[in-house]
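*Asks:* Take this structure first; my questions come after.
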């Protein structure tokens, strides 16, 4: 790939999609991310589009397995026979609805898409703010571009997970490093949720961020890398908060005896 392919000529109309940068970002990241970081206009749409498509494909692959698991799991809660008729019917209706298309395909797809776009938006904004506070004069568009293209390894994660589900006919349990911590409430639940985001593809994404942040920010390596790692850890902590809050609320509901099931 030549420099002409990465840099648009003055006569060329600005393009929003750059599929020609997908492979170079993964196989020659330093040169490609340096060129992307120099762009002043938004060129982040391509990686976000690719990640979104792969996430939807993964949901479609996992859907039949998830539906089969819901239908074949006939285990009833303890003391089910002592519930009132209304409670039994409500539980059975809820269980049946969770095996429908809305719970098997629509909600997981929406959750995956929201996760991709919100996480990209959050990390981009925080990275831009962090770099600006330590003296960088790079534009916000540059941060959005860098985070978008550095996130491409997460698409490879979706591909590998899809292949694993097709091969084993079972969903992936205990993602990332979450298996090292047993979620028993409190900080352990928070730590388990945080480590669930950390795997080789996430570390690959962080490495791409570190490669591209210095030419984008024009800061020293120590300063640029320190800010980037701090922002990554902060973003992980923020992403783990919902699981921690849900675990705390679940413990309160179970302890007070309110409700017979909790989502």
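The values are calculated or read from the model by the stated rules, or taken from the named source; none is laboratory data. Just so we're clear, the structure is a prediction, and the values are computed from it rather than from any experiment. Heads up, the Cβs are rebuilt from the backbone with ideal geometry, glycines too, and the neighbour counts pull from every protein chain shown.
*Asks:* Condition first: out of contact with any helix residue (DSSP H, G or I) (no Cβ under 8 Å at 6 or more places or on another chain) and assigned to a loop (DSSP other than H, G, I, E, B). Can you find one or more residues in segment 149-162 that meet it?
*Replies:* No, segment 149-162 contains no residue that is out of contact with any helix residue (DSSP H, G or I) (no Cβ under 8 Å at 6 or more places or on another chain) and assigned to a loop (DSSP other than H, G, I, E, B).
*Asks:* Determine, yes or no, whether residue 55 is at pLDDT 90 or above and in a loop (DSSP other than H, G, I, E, B).
*Replies:* No.
*Asks:* In segment 207-225, what count of residues is obtained for those that are free of Cβ contacts under 8 Å to residues at least 40 places away in the same chain and either outside any helix (DSSP H, G or I) or within 16 Å of the chain's Cα centre (by Cα) (or both)?
*Replies:* 1
*Asks:* Let me ask another. Collect the residues in segment 129-148 that are surrounded by fewer than 23 Cβ atoms within 10 Å (Cβ to Cβ), part of a helix (DSSP H, G or I) and more than 18 Å from the chain's Cα centre (by Cα), keeping them in residue-number order.
*Replies:* 129, 130, 132, 133, 140, 141
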